Structures are given as structure tokens and as C-alpha cells.
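The values are calculated or read from the model by the stated rules, or taken from the named source; none is laboratory data. None of the values given here were measured: they were computed from a predicted structure. Positions of Cβ are backbone-derived with ideal geometry, glycine not excepted, and every protein chain shown enters the neighbour counts.
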């Protein structure tokens, strides 16, 4: 028994020596090498994917900025104004500038309106975006916005809708003054008229008009 155990120890020592000299003989070592190789491959794939996503993100930022700037310049025609979009961390800032100077309250109001509109248009042309495609602006103060800018903004929205064969979103803006006279009267709803000339509750009984809690 003693010599048999000695022979076993000698055999094990030879095996360990062989594995040290030739690590490929070590099954655990070989497995770890494979795992490392797989991790390196996965890491490289993720790096490439990240680079692609960054490029897509940069393109999307430029597209959004272009939409905002286009809208600004088409409303403030001849003013040398530009719409700028800046990104910091998870925040997006929309601003209207001329020669790097910010304007006052009127431009602040307009930039908010156009930020919403630009985001909506962006969601339409970007197939990966999800948006309800419904927007309401509740009475932006025309006194703060300036009458000319106010009228130009509404005219721009009408012209924007005409660029699509079928308007892809519903936009409602409530006003306290009449819109520009050249606006199609079918697009305007006064306080004494029904929505789109139709009484949506016509023919319904009172119980059917109840809203669930």
C-alpha cells in the first residue's frame, strides 16, 4: 500500500509538472482562456455598437436642431435669428438667438412653442420615435409674443400641415384674438361653434354621456 501511494503521488506530480510546462493540458485553465476570449469578443462588439449608437444620436441631435432652426427662420423671416438646440446631460435646451444674444420674453414664448412643434415633427420623420401625435397649446399670450410673430407662427403651422399629403398629427392652439385673416376658415373654431362643425354628442342620451370615475 505504501509503495502504491508513493507511485500515485509520483504520477500526480508528473501530471502537475506536465500541466505547468504545457498549460493546454489543464482543463480548467483552457476553459478560462475560452471565457476570456469570449468576453473580449463581446466587449469589442459592444464597443462597436456603442460607436454606432453615438453616431446615430449625433445625427438625431442635428436633425432636431435643423427642424427647430428651420421653423425659427421661417417665422422670423428677415430677422437674422437662428434657433439653437443644446444638450447637457439629459436636458435639451431650445433657444432663439441673433449674433449669440438671447432675446426677451417674446422669443422665450416662441422657443417653447417651437420646441414642442420641432419635437413633434422629429417624431414623425424618425421611425423609432413614439409620440401620441397630438398637441395642444393653451393660449400663448400674444401680448408677450408680439402680434406679428403670433400671426406668423399660426401661418407657419398652416403651411407646415400642407407639406404633408395627409397631416400626420392633430394640433390645436387656443387664442384670445382672431387668427390672421388669410387662414382657412374651416380650420378655425369659435366659442359659439361645434368642434369641426359636428356635435359629437348628438343623438346620445344623458346616461351615455357619463364618464367613469
Checklist entry - Can you name the condition, by its number, that residue 78 falls short on among (1) assigned to a loop (DSSP other than H, G, I, E, B); (2) within 23 Å of residue 171 (Cβ to Cβ)? => result (2)
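Each row is one residue, and each column tells you yes or no for (1) at pLDDT 65 or above; (2) part of a helix (DSSP H, G or I).
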position	(1), (2)
8	no, yes
31	yes, yes
35	yes, yes
38	yes, yes
59	yes, yes
69	yes, yes
87	yes, no
97	yes, no
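Let's see how each residue does on (1) touching a residue at least 40 places away in the same chain (Cβ under 8 Å); (2) under 20 Å from residue 171 (Cβ atoms); (3) loosely packed, with under 14 Cβ neighbours inside 10 Å:
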| position | (1), (2), (3) |
| --- | --- |
| 51 | no, no, yes |
| 82 | no, no, no |
| 113 | yes, yes, no |
| 122 | yes, yes, no |
Checklist outcome for this item: Within the stretch 131-150, residues modelled with pLDDT under 85, over 14 Å from residue 109 (Cα atoms) and surrounded by 12 or more Cβ atoms within 10 Å (Cβ to Cβ) come out as 131, 133
Checklist entry - (1) part of a loop (DSSP other than H, G, I, E, B); (2) out of contact with any strand residue (DSSP E or B) (no Cβ under 9 Å at 6 or more places or on another chain); (3) modelled with pLDDT of 75 or more: which one isn't true of residue 179, the others all being true? => result (2)
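Looking only at residues that are under 21 Å from the mean Cα position of the chain (by Cα) and assigned to a helix (DSSP H, G or I) in the stretch 153-167, which one is surrounded by the fewest Cβ atoms within 10 Å (Cβ to Cβ)?
It comes out as 161.
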